[in-house]
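Just below is one structure, and these are the notes that go with it.
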Amino acid sequence: MWRYPRRKIAIVCGLFFIFFYCFENFEWVQHVISFPKFDQISTTERAGIVPEELLGTVYSSSDFVNDRGIWPPFWNCEGNRCNITSEWGPCYASHEEITWSKEVEFFTTNPPSYTRVSYMSKSTDLAGLCRPGFIIIGAGKCGTSSLYHYLVDHPNVLPASEKQIHYFKYYAHYPMKWYLSHFPTTISFLASGALMTGEASPGYLPYPDVAHLIRERLKGPKIIAVGREPIDRAYSSYRYNYLTPSIEKMKNGKVKGIEKGQPDSYYLDFLFSFEDMIKAELQVLRECFAVDGPGIVGAREKYGAKTWAQPEFQRRSIADEPPLVDLDGFCYGGKVNSTVLRKQWSDLQTNNPEKVIRDNNLHLVQAFIGRGLYTLPLEWWYALYPRQEIYFICTEDLGDQSGSALNDLGQFLGLPSFNFSEVITKGAYNVGGHRGYDEEVTWDMIQQENQRASSQAIPLSNETMAELRAFVKPYNERLFALTERAVAMVDLSEYVVGVVLSVESSSKGNKTLKTCRINIGDENNPITVVTNAPNVREGSRLAVAPVGSTIVNEEGEEIETKKTAVGGVMSEGMLCDSRMLGWSGGAEGIAAQIPDSVAIGASPPSSKPRPKEGQSELAPVSNEDSLFKKKLTKEEKKKLAEEKKNARKAAKEAKKEESSSS
Ligand SMILES: Nc1ncnc2c1ncn2[C@@H]1O[C@H](COP(=O)(O)OS(=O)(=O)O)[C@@H](OP(=O)(O)O)[C@H]1O
């Protein structure tokens, strides 16, 4: 038997390899090995734990309902009582007897505990495990790590054992018990007074079958999606998924023929530029989205007849809405983690043999733009989930240090109010291509990094940038129609920093207008801008959108700034508020203040400068109507007029009724 030990070892290793390959790649093998099917999983019949016992200890009855009267998901409660049978709140009852005083004491001084369950486990007993109350589904590189960490800092939210579990994408054939073992146990939930837990797997968003699986298996968690200006997202992904790991690989001598241990810049010659990759991807996407392109045809063929997708296909064809697209499934070479390079990139590689495209994570490296067309995957999610169960948040709002965006999200989740500002001001996670979802960087460091021009500017030629912007625009508009949130690009290069030389105030009706002479670079030819921003005075350094520059309104539409008469004076541009600059924080209609360190005539900085210690940032907000106020579209104006008319009619009728009854 052991005469040829090397051969034997090779055979055993080969068999192992074949087994794992088949197991990972062929569903039928997984069936033969037979993990319990989801519907075979029983909920435990054991008696639950009475939370009333805990009221006044770790829980208080007000924890169960927030200021807007919303219950956290899964809490089977009514009034002040929770219904305890086999399940309690988000958890399955534990088999263990719980001594509350001991447990409470233990969990106030210890982190939450997790049950370790092997993915080979055949047990269907979910006793002692809890389900997620929220799932952050992506998109990747949109701040999902920060959002997850901000949320789990809420005193009533417990973290999962890791940020991204990716169960529904990669491991859905493992038992449900394995998935739930990534969340804190029932005991730690109860003893810590937690109301929910959750996870953030950016790989969920792009896949229609993941949307369906989560809906089918969990029935309850709130879905949170994050979107960022698509070109920023694409560049972040280029750095994180391509540039940084490829340089690391070459630096460590893992690429044959390339010298190791050189400075980063040395390796750039061996890598494709952002421009190269974007051009190739634009071609792929154009082909894929053609009327009979694979994104549309593939989606129809794969999902058109599925019971859960069919109604949406039908609805869209009757309503004459754009067809559903399966971008990741059919535009980038098929399967996730596929090593298939689409023709456009393999051509690039053939023509530039000295350059490399890494062969792992190809699905991310090929989808820099695609992953930012958020509306395409989200349209599947919105078709499968009731609107009130999905929340879309913009990355640009995540850094709002007042915490208001997070407070709104907390309300949506049904959490008691919490000052998220304290958590956000500490910093952000996974910044600037740093690897590691749990790595926090302070805002000061982020600002320093942003100020280094090289890390800021997106390296695209003007033509490619314009082409890319035009390409993503209709998808941003579709996203706005779906979610009412805009992720439009702000091109700061068209705006200039100016200093106010003089201000003249005048009244127009109940508005106070200020006519400002502003030096935007040519001291002898200042421009005139009329504004009603309350925080403008002589010497203010501000950002100006001059005539000819583009502004993006709240609907995501681009409008060219024109010379316009305001209060009888010709205004040669407008002042920018934070939203126009894409800065987080800062009230609407308040002119963004630029620090003295930014030269007159230069473009404004891409993130909001932090005020110096003790320096008040802005003048008080005025209640006056603002020049920056949202411009209504024709339809919106019509709708508003109709609503006002109906309200007047209703008021009249009510009055009539009142007088006839008296
Ligand atoms: N609070 C806040 N505000 C604005 N932007 C933020 C915030 N937190 C994280 N980020 C930026 O998001 C990028 C990381 O996203 P993810 O954590 O989703 O990345 S990952 O997909 O999990 O790898 C990463 O982008 P880049 O720095 O451009 O790479 C982060 O800087």
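No lab work stands behind these numbers, since they all come straight from the coordinates. Treat the numbers as computed from the prediction; the structure is a model and nothing was measured. Using ideal geometry, Cβ is built from the backbone for each residue, glycine included, and neighbour counts are taken over all protein chains shown.
Numbers at a glance
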read-out: Normalised per residue, the volume of the convex hull around the Cα set of region 388-440 (Å³); value: 97 Å³
read-out: More than 22 angstrom apart: percent of Cα pairs within region 228-385; value: 47 percent
read-out: Under the Karplus curve 6.51 cos²θ - 1.76 cosθ + 1.60, θ = phi - 60°, whole-Hz ³J(HN,Hα) for region 279-287, x wherever Gly or Pro sits; value: 4, 4, 5, 4, 5, 4, 5, 4, 5
read-out: Sites Arg316 and Ile9 - FRET efficiency at Förster radius 60 Å, r taken between beta-carbons, to 0.05; value: 0.60
read-out: Two-site label geometry, Asp276 and Val569: point separation in nm, points 7 Å out along Cα→Cβ; value: 5.4 nm
read-out: ³J(HN,Hα) computed for each position of region 153-166 - Karplus, 6.51 cos²θ - 1.76 cosθ + 1.60, integer Hz, glycine/proline x; value: 7, 4, x, 9, 10, 9, x, 6, 5, 8, 5, 10, 9, 6
read-out: Evaluated over region 306-408, the Cα radius of gyration and Dmax, each in Å; value: 18.5, 51
read-out: Under Karplus coefficients 6.51, -1.76 and 1.60, residue-wise ³J(HN,Hα) of region 199-210 in Hz, glycine/proline x; value: 9, 9, 10, x, x, 6, 3, x, 10, x, 5, 5
read-out: For Thr375, Thr350, Thr531, order by how many other beta-carbon atoms lie within 10 Å, fewest first; value: Thr350, Thr375, Thr531
read-out: Two-site FRET efficiency, Thr244 against Ile446, from Cβ-Cβ distance with R₀ of 22 Å, rounded to 0.05; value: 0.85
read-out: Gyration tensor (Cα) of region 525-578, equivalent ellipsoid semi-axes in angstrom; value: 19, 14, 11
read-out: Burial order of peptide ranges 245-251, 504-510, 589-595, 182-188 (average beta-carbon count within 10 Å, highest first); value: 182-188, 589-595, 245-251, 504-510
read-out: Residues Phe480, Phe134 arranged by fewest to most Cβ contacts within 10 Å; value: Phe480, Phe134
read-out: Relative exposure of Tyr119, Tyr235, judged by other C-beta atoms within 10 Å (fewest first); value: Tyr119, Tyr235
